[in-house]
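Trainee: Submitted below is the structure of interest, expressed as structure tokens.
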Amino acid sequence: MPIATQPLAAVPTELPPVQRRATIPLGFVAGAGVAGIKASGRPDLAIVATEPGQDGIRPSAAAAAVFTPNAFAAAPVHLSQAHLAATDASGNGRFGWATAIISTSGSANAATGAAGDADQAEIADLLAAALGTTAELTLLLSTGIIGTRLPLDRVGAGIAAVAPTMRPTDGGLQAAAEALRTTDSVTKSATTTITLPDADGHAVRPVRVTGIAKGVGMIHPRMATMLSIVLTDATVDPATLHGLLRPAAARTWNQLSVDGDTSTNDTVFLLASGAAGAATVSAGTREAVELGRAIEAVARDLARQQAADGEGATTLITCQVTGAADDADARAVARAVVSSSLVKAAAHGRDPNWGRIAGAAGNATLAGEAVLAAAGLPAAAARTRSGTAAELDPDRLRIAIAGHLVFDGTAGGPVPFDRDAARTSMEGPELLLRLDLGLGEGVGEAFGCDLTETYVIENSEYTT
């Protein structure tokens, strides 16, 4: 039989280009150090803050966030929500103002009860005192083992040591990215630059968006990422900033899965200093669209880095879906495919088993109401379609693995293909799975990684 030669092409991104480096935006300082929370002695405390003015006062940055919905959400999640609500009641804990973010690595401070809450509040007070700000203007991140309390004496000493060393340099932000890590094998950072009008609406100003992130296990977020700090020197109010972050997170980090587990600590913070001197970005404007695309570009690249560095992973899996009834269906199918343990195992074995992809696609259900609404679906439709099955017709479905067309429902189903060539194509650092549903114009993508023996070994003895 003839070999099929009609592969499905990769879908190019239309987002701004991103460089994988930590280039600090104007108006921020950063630094990190070793507090001794981790037994390994590696960096475990990071601080990012606004840069003091000539009067020594740190200006507040507009802040927006998305958090884990896990019922065991950690103490830093609850306290950060309370602080955002205290600085802007209209945000209901989703946006407000901040002058500093602290991240501690080695203890999640989750499921630690009232004592853990008190510990986190003490850390906020220590940070505020060290930086000359107020506790309500601090935001907090923690990562590590669930059920362990933070050593306040070590954290306090770490804050005292790091605070005077913070600088408005790329090196300071890179150090912060390093200190975010737990089981990550590499640091994760991404930067893009756009131009926006100045305050007079005439000359253009370069505006930077930079993100750092950690997370390679316990990753299957809903409305959040693992831990991520995104900074921009654009001028934008908190509510508008949150309106740009929510859809970006829904289309990127919410399309990421390493192992199917949503963490207790998932958080992404987005801060805007306004130091670039560009005009204020207002909701619904062309400038808001451009800034939103830049934020999404950084979020997407960080999500891809996180998937590629999944615990034990050897392959980044990207699933791109076209031809869906709408984008929500496309995203649901793509996420179902990268989340499938069978697909992930086949990817690890370089087995072009298209049946596992088809089965995962056929089980796809749409995201929760909040995620659908964040991604742009009208509220009523998000409520009605939440959790429903994605539309799929096997007689219209086409599947390609690493550029090899393996299933074409429009031509009767399975397609003859060179299995050895397909296996060879699957050996690269990224495996592209392409599906076309043949039902409409909907497009979506998702990111995952292969399931390996190393993942099982690492998580079978995580606390020992």
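The values are calculated or read from the model by the stated rules, or taken from the named source; none is laboratory data. Small disclaimer: the values here were computed from a predicted structure and weren't measured. Cβ sites come from the backbone with ideal geometry, for glycine too, and all protein chains shown count toward neighbours.
Trainee: Counting just the residues of the range 189-242 that are under 11 Å from the mean Cα position of the chain (by Cα) and of a type in the set (D, E, K, R), which one comes out surrounded by the most Cβ atoms within 10 Å (Cβ to Cβ)?
Mentor: LYS214
Trainee: Here are ALA422, ALA446: which of them is closer than 15 Å to ALA346 by Cβ, touching a residue at least 60 places away in the same chain (Cβ under 8 Å) and either surrounded by 15 or more Cβ atoms within 10 Å (Cβ to Cβ) or of a type outside the set (S, T, N, Q) (or both)? Write out each step before concluding.
Mentor: Numbers: ALA446 fails: closer than 15 Å to ALA346 by Cβ.
Answer to the selection: ALA422.
Trainee: A follow-up question, please. Answer yes if at least one residue in the range 367-384 is hydroxyl-bearing (Ser, Thr, Tyr), touching a helix residue (DSSP H, G or I) at 6+ places or on another chain (Cβ under 6 Å) and farther than 30 Å from MET426 by Cβ, and no otherwise. Let's see the steps before the verdict.
Mentor: Going through the range 367-384, the residues hydroxyl-bearing (Ser, Thr, Tyr) turn out to be 384.
The next check asks that each one be touching a helix residue (DSSP H, G or I) at 6+ places or on another chain (Cβ under 6 Å); those that pass are none.
No, the range 367-384 has no match at all.
Trainee: Next up: With VAL443, VAL456 as the choices, which residue is β-branched (Val, Ile, Thr) and more than 30 Å from GLY106 (Cα to Cα)? Quick ask: steps written out before the conclusion?
Mentor: Details: VAL456 fails: more than 30 Å from GLY106 (Cα to Cα).
After ruling out the rest, the residue left standing is VAL443.
Trainee: Give the residues of the range 308-337 that are closer than 20 Å to VAL443 by Cα, hydrophobic (A, V, I, L, M, F, W, C) and either in a helix (DSSP H, G or I) or out of contact with any helix residue (DSSP H, G or I) (no Cβ under 9 Å at 6 or more places or on another chain) (or both), sorted by residue number.
Mentor: Those that are closer than 20 Å to VAL443 by Cα, hydrophobic (A, V, I, L, M, F, W, C) and either in a helix (DSSP H, G or I) or out of contact with any helix residue (DSSP H, G or I) (no Cβ under 9 Å at 6 or more places or on another chain) (or both): ALA325, ALA328, ALA330, ALA332, VAL333, ALA334, ALA336, VAL337.
Trainee: If I ask for residues that are within 23 Å of the chain's Cα centre (by Cα) and surrounded by fewer than 17 Cβ atoms within 10 Å (Cβ to Cβ), which ones from the range 345-367 would you list?
Mentor: Listed by number, the list holds a single entry, THR365.
Trainee: Tell me which residues, restricted to the range 168-181, are part of a loop (DSSP other than H, G, I, E, B) and surrounded by fewer than 23 Cβ atoms within 10 Å (Cβ to Cβ).
Mentor: Residues of the range 168-181 part of a loop (DSSP other than H, G, I, E, B): 168-169, 181.
Within the range 168-181, PRO168, THR169 meet the criteria.
Trainee: Shifting gears a bit: Tell me the strands (runs of 3 or more DSSP E) entirely within the range 24-92 that contain at least 2 residues that are surrounded by fewer than 24 Cβ atoms within 10 Å (Cβ to Cβ).
Mentor: Values: elements: 28-33, 45-50, 61-67.
Qualifying strands (runs of 3 or more DSSP E): 28-33.
Trainee: Run down LEU372, LEU431 and say which single residue is hydrophobic (A, V, I, L, M, F, W, C), in a helix (DSSP H, G or I) and closer than 30 Å to ASP309 by Cβ. I'd like the intermediate steps shown before the answer.
Mentor: Numbers: LEU431 fails: in a helix (DSSP H, G or I).
None of the others qualify; the one that does is LEU372.
Trainee: Being modelled with pLDDT of 95 or more and in contact with a Pro (Cβ under 8 Å, 6 or more places away or on another chain) is the requirement here; does VAL443 meet it?
Mentor: Details: modelled with pLDDT of 95 or more: yes; in contact with a Pro (Cβ under 8 Å, 6 or more places away or on another chain): no.
When the stated conditions are applied, VAL443 does not pass them.
Yes/no per residue for (1) surrounded by fewer than 23 Cβ atoms within 10 Å (Cβ to Cβ); (2) under 23 Å from the mean Cα position of the chain (by Cα); (3) among the aliphatic types (A, V, I, L, M):
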| site | (1), (2), (3) |
| --- | --- |
| ALA325 | yes, no, yes |
| ALA330 | no, yes, yes |
| SER341 | yes, yes, no |
| ALA373 | yes, yes, yes |
| PRO394 | yes, no, no |
| LEU397 | no, no, yes |
| PRO414 | yes, no, no |
